[in-house]
Every structure is written in structure tokens, then in C-alpha cells.
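For reference, the structure discussed in these notes is given below.
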Amino acid sequence: MTQHLTHGGLPNEISPFRLKLLLQQAKTSLGLSSGALKYLEFAIDNCQPSDFQQGRICAIWHSLERLAHLFGLSKRQIARIESELVDAGLIKRTYPERKSRSGDRVAGVIKRAAGINLAPLIEQAEYIRALASRQMQADEDSKRLREHIQGLFRQIRDLESVDADEAATSILPRRRPAELSDIKKMKEVAEALEAVLADFSAMDSQPEMSVESDENVRLNTNEEKKNKIRITGKPKGEGRLTTSPAHARLLAGTQMGEYIDLYACGGPTDWTAVTRAAHERAYELGISSRLWRERCTQIGEARTALCLIVADRNSQRDGPYGTKNAAASFVGMARKEARQILVLDGLVGELTHALLRTGGNP
């Protein structure tokens, strides 16, 4: 029995031509093959604009033989394409099984169509537009990420470090961001390259420091103790700095200090206030929650917070210890701490010394 399937019409702002463009943009999201996309474009072109109006029938009834000839494919290939579109919910077969396709158009209006009906496609026009919009945004994000990755490779190359180049190449052997299609993979590559850049930049610009201190590690003006701060190669795992929460507060920059005071609720500063404040500041600087959790697990919440405090404060400084990017500096510092390349103690000591020397403004 012949079906007469009408539809609700295309939205006013979506013309048949616009619908074709949206299908091209949403092709990946819809999971359409190139053959299926061409079929839909052909079907739209072979309907009249009035067929897309509310209450009309929008359909074609070309035979498989004719479609195969027009597309330069076999009848079996055309049948597979139509099945793909039926399964995708974009067309509907409205002819009896094993019967010929046919239809009648009277005064420009389709009155009967036993063939391929486009009502499902028209009814999903808004959904297709949303998919196209999301795909365009994803494409733009991918483009920016690829450009960012390429820029990171250039910055790493400019370090003129063989080790840095080897580390970068191990992340993306062919160094071709254009070969990446999965945005999650792109983000992972970018994050890994940022860590490499931060690591080797820190090695070039920040000499490793260590500091000997008393058990309380308080800020003090004793010249003898201040002179204990020096550049040295401290053995791993020995004499680790045990900075107090109050000391951490004094090292913090203006914004970080305000957060610590807020979480301390007017009471003495403790590590809970410091770590919560550091987590909030990390979010502001663009450090991912996943990376923050990983570093807290690897080196502890307190040392992770101290890494951020030092990186944040150094981003406000000039000179050999100044950094342009607090987040990148944090990544490199925390990464080294996780690898037991102990740089934090020395940087805390240097910053402490600078604060004492300049009256709190290093």
C-alpha cells in the first residue's frame, strides 16, 4: 500500500540549499559516508522548493537502475546507501516491496510518491543544524590546538637542547599536528609538550637551589642563617624543607594570600587553608584538576601547594627567577619534584631570601 508521508516543513531560516550545507558540516557527527551525503544532496536538488513547505510531500522516485547510472555505481551499491540513510533515520522507503517506484506531481505539488521520502530529513533539520554548529566549533578548536602544538615545537626547538628535542619527538614522532584528528589526543600531546617546555626552560633559567634551615623554618633576620642559603647539589631525599603554613602564607602573592586568609577564616593559617587556596588559584591559572590531583598524590598536597605559591610569586618578578607563565612554571617544578629532582627547597629558600632582602617585595 502506497504511503503518503507529509512533513512539518523546514524552519524559515533553513532553505534546501542551506540544508545541504548543514549536512556537509554535520557529516562526521551524523556518521555519513561520502556516498550517502551525495545521495541526499541529489535528492534535495531533485525536489522543488515548494516540496519543503509544511504539509507537503517531499520525495523522489527514481529507479535503482537510473540512480546507479547517474552515480556511476551498481544497483547494489545504491541499495546499500539507501539502507544506510534509512538506518540513520534520514529517509523513508514508501514503496511496496518488490514493486516499482512511482509518483505523481500535479500543478507542481506531489500528490503521490512511492519512492524515497525526505520527511525524516526535514523533521531533523534543527538537530542537524545543532550538530553542524558543534562540529564547526570542534573543527575550530582542533585548528587552534594544532597551531598551539606547532608553536610548542618551535619554542622547544628554540631552546637549542638536544634532550628537549628528543623528548618532544617522543611525544609526536613525526611532529605533524595535522595528522591528529582526535581532540582528546591533541590535548594530551599539547599538555605533554607544555611540560617538556616548562621542564627544559626551568633548567635553563632557574638554577637548582637548596636551603639548610632549622626545624621550624620561620622567616628570620639572622644573617648567619640567611647565609646558609646557597646554590648546591643537595642529595636526593636528604634534608627536605619542612616549611610551615605561616611561612607559606608569607611567600604567597597578593591574590594567593587573600585566598589563604579567606580559607583561614580569621584564625591561624594551617595547611588546609593553604592547600584549598592553592587549588583555587590553580584553577584560575588554567591548571587542570586532573593534573593537580596527580601532583597532590605524587608529592603531597602541601608540596604541590608550595610549588604553586613559588611559581605564582615568581611570575610577578623580574630577573633570573622571574617567569612569564605561572602555570607552565608550576608544571615543570611539580614534575621535577615528582621525579625527585629536588628544586622546590632551593626556590623556597631563594624566595625567602629575596623577601627578607627587599622587605616583602622580591
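Look at the stretch 236-249: where a residue is open to solvent by 70 Å² or more (accessible area, probe 1.4 Å) and a partner is part of a loop (DSSP other than H, G, I, E, B) and at pLDDT 50 or above, sitting 6+ places away or on another chain with Cβ atoms under 7 Å, you get 236/340; 236/342.
Can you find even one residue in the stretch 255-268 that is more than 27 Å from the chain's Cα centre (by Cα), in a helix (DSSP H, G or I) and exposed (fewer than 15 other Cβ atoms within 10 Å of the Cβ)? Checked the stretch 255-268: at least one residue is more than 27 Å from the chain's Cα centre (by Cα), in a helix (DSSP H, G or I) and exposed (fewer than 15 other Cβ atoms within 10 Å of the Cβ). Does at least one position in the stretch 72-87 carry a residue that is more than 43 Å from the chain's Cα centre (by Cα), in contact (Cβ under 8 Å) with a residue 24 or more places away in the chain and either open to solvent by less than 60 Å² (accessible area, probe 1.4 Å) or within 20 Å of residue 8 (Cα to Cα) (or both)? Scanning the stretch 72-87 turns up no residue that is more than 43 Å from the chain's Cα centre (by Cα), in contact (Cβ under 8 Å) with a residue 24 or more places away in the chain and either open to solvent by less than 60 Å² (accessible area, probe 1.4 Å) or within 20 Å of residue 8 (Cα to Cα) (or both). Residue 90 meets the stated requirement of being part of a loop (DSSP other than H, G, I, E, B), among the hydrophobic types (A, V, I, L, M, F, W, C) and over 21 Å from residue 106 (Cα atoms). Within the stretch 289-297, is there a residue that is assigned to a helix (DSSP H, G or I), at pLDDT below 90 and open to solvent by less than 40 Å² (accessible area, probe 1.4 Å)? Taking every residue of the stretch 289-297 in turn, at least one turns out to be assigned to a helix (DSSP H, G or I), at pLDDT below 90 and open to solvent by less than 40 Å² (accessible area, probe 1.4 Å).
Of all residues in the stretch 328-342, those satisfying the criterion of being in contact with a Ser or Thr (Cβ under 9 Å, 6 or more places away or on another chain) and either of a type in the set (Gly, Ala, Ser) or modelled with pLDDT under 85 (or both) are 328, 329, 332, 334, 342. As for the stretch 327-335, it holds no residue that is open to solvent by 20 Å² or more (accessible area, probe 1.4 Å), touching an Asp or Glu at 6+ places or on another chain (Cβ under 8 Å) and in a loop (DSSP other than H, G, I, E, B).
Identify, please: which residue in the stretch 88-140 is within 18 Å of residue 60 (Cβ to Cβ) and among the basic types (Lys, Arg) and is, among those, most open to solvent (accessible area, probe 1.4 Å)? Looking at residues that are within 18 Å of residue 60 (Cβ to Cβ) and among the basic types (Lys, Arg), I get 99. Is it true that residue 310 is crowded, with 16+ Cβ neighbours inside 10 Å, more than 25 Å from the chain's Cα centre (by Cα) and in a helix (DSSP H, G or I)? Yes.
Annotation note: Cβ proximity below 6 Å between a residue of the stretch 330-358 that is at positive phi and a residue that is buried (at least 20 other Cβ atoms within 10 Å of the Cβ) (sequence gap 6+ or interchain) occurs for no pair.
The values are calculated or read from the model by the stated rules, or taken from the named source; none is laboratory data. Values in this document were obtained by computation on a predicted structure and should not be read as measured data. Positions of Cβ are backbone-derived with ideal geometry, glycine not excepted, and every protein chain shown enters the neighbour counts. Only protein heavy atoms, including side chains, enter the accessible area calculation; ligands, DNA and RNA are left aside. Shrake-Rupley method; radii C 1.70, N 1.55, O 1.52, S 1.80 Å.
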